[in-house]
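Contents: one structure, followed by commentary.
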Amino acid sequence: MKYKILISIAALAAFVANPSYAAGNAEAGKAKAPVCLSCHGPDGNGSVNAVWPALAGQHEAYISKQLADFKGGARVEPLMIAQVANLSAQDMADLGAYFAAQKAPAGKADKAKVALGEQLFRGGNKTTGVAACMACHGPSGAGNPAAKYPALQGQNAPYTIKALKDFRSAARANDPGKMMQGVAVNMTDAEIEAVASYISGLH
């Protein structure tokens, strides 16, 4: 119960602390998106390189926040530095609106990893204090746009693996209240790989 309470408190703090972002325009975002598509695939479906995330169907506010974090230095990814350098807050919102309007990709889970992945996603690991993913991201992985918790369903497994390992090592630390760091720090490589595969098959 203790880890659930801590996660709930952190979730509330994240919701209250997160700032609002400008409303985006999907048509304007479409005109600004071509440079993004070269890495993130047609319509942001993530088909170019699986270690780069699929953006299609992701929540507008979440994308806008991540772009702002890249630009402000809260999230560090060398490949993104040049891409965000000249983006305004409105550009970020427009790109978020465009990708949010695209159809999320349908991935596929490794059958050998489904049992463990589903257990972690739906029930966590009470022994080690790993919270269930669906507590914040929903039973279908659709996320929570109001709280800026991302949609996960269909996401490239290699990207999710990298994200969780980066949170675990604190190489990525732009999660409000260190929510994801607190979860990932107690996950083994096998658990990370299993839940990432399971998430990829959600749709």
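The values are calculated or read from the model by the stated rules, or taken from the named source; none is laboratory data. Please read these numbers as outputs of a predicted model, since none were measured by experiment. Positions of Cβ are backbone-derived with ideal geometry, glycine not excepted, and every protein chain shown enters the neighbour counts. Remember, those area values only see protein heavy atoms, side chains included, never the ligands or the DNA or RNA. Shrake-Rupley method; radii C 1.70, N 1.55, O 1.52, S 1.80 Å.
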| request: Only one of the values [x] 8, 31, 32, 20, 7, 1, 0; [y] 9, 36, 38, 15, 1; [z] 8, 28, 22, 13, 14, 10, 4, 0 was calculated from this structure for P(r) over Cα pairs in 10 Å bins from 0, in percent; name its label. | output: [y]
| note | Measuring from the longest principal axis of the C-alpha atoms of the chain, the long axis of helix 60-72 (C-alpha) lies at a number of degrees, nearest 10, equal to 80 degrees
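Within the chain, what whole-number % of the accessible surface is contributed by carbon and sulfur, with the 1.4 Å probe and all protein chains included in the calculation? Present the calculation step by step, with values, prior to reporting the outcome.
On the way: 6200 of 10030 Å².
Here it works out to 62 percent.
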| query | Can you list the lysines whose alpha carbon sits under 25 Å from that of residue 32, skipping same-chain ones fewer than 8 residues off? | reply | 65, 71, 103, 148
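If exposed trypsin sites (Lys or Arg not before Pro) are those in a DSSP loop with at most 15 other Cβ within 10 Å, what is the longest stretch of the chain that has none? Display every interim value, and only then the final one.
Working: sites that count: 103, 108, 126.
Answer from the scan: 1-102.
Taking only protein heavy atoms and a 1.4 Å probe, what accessible area per residue, in Å², does the chain have with all protein chains in place?
Details: 10030 Å² over 203 residues.
Accessible surface, normalised per residue, equals 49 Å².
Helix-only mean residue ellipticity at 222 nm, the chain, DSSP H runs n ≥ 4 weighted -39,500 (n - 2.57), per residue, nearest 500. What is it? Could the numbers behind the result be given before it?
Details: 11 runs with 108 residues, N = 203.
Rounded to the nearest 500, the figure is -15500 deg cm²/dmol.
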| Does anyone have the angle between helix 89-100 and the longest principal axis of the chain? Alpha-carbon axes, 0 to 90°, nearest 10? | 60 degrees
| said: Output wanted: per-residue J couplings in Hz (rounded whole) for segment 131-145, from phi through Karplus 6.51 cos²θ - 1.76 cosθ + 1.60, θ = phi - 60°, x for Gly and Pro. | reply: 6, 5, 4, 5, 4, 10, 9, x, x, 9, x, 7, x, 9, x
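Please report, in debye to the nearest 20, how large the charge dipole of segment 133-203 is about its Cα centre when each Lys and Arg carries +1 at its beta carbon and each Asp and Glu carries -1 there. Don't skip to the end; give the middle numbers.
On the way: 6 positive and 5 negative charges, 43 e Å.
In debye, rounded to 20, segment 133-203 gives about 200.
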| query | Between the helical axis of 189-201 and the dominant principal axis of the chain, each derived from Cα atoms, what acute angle in degrees is found, rounded to the nearest 10? | reply | 60 degrees
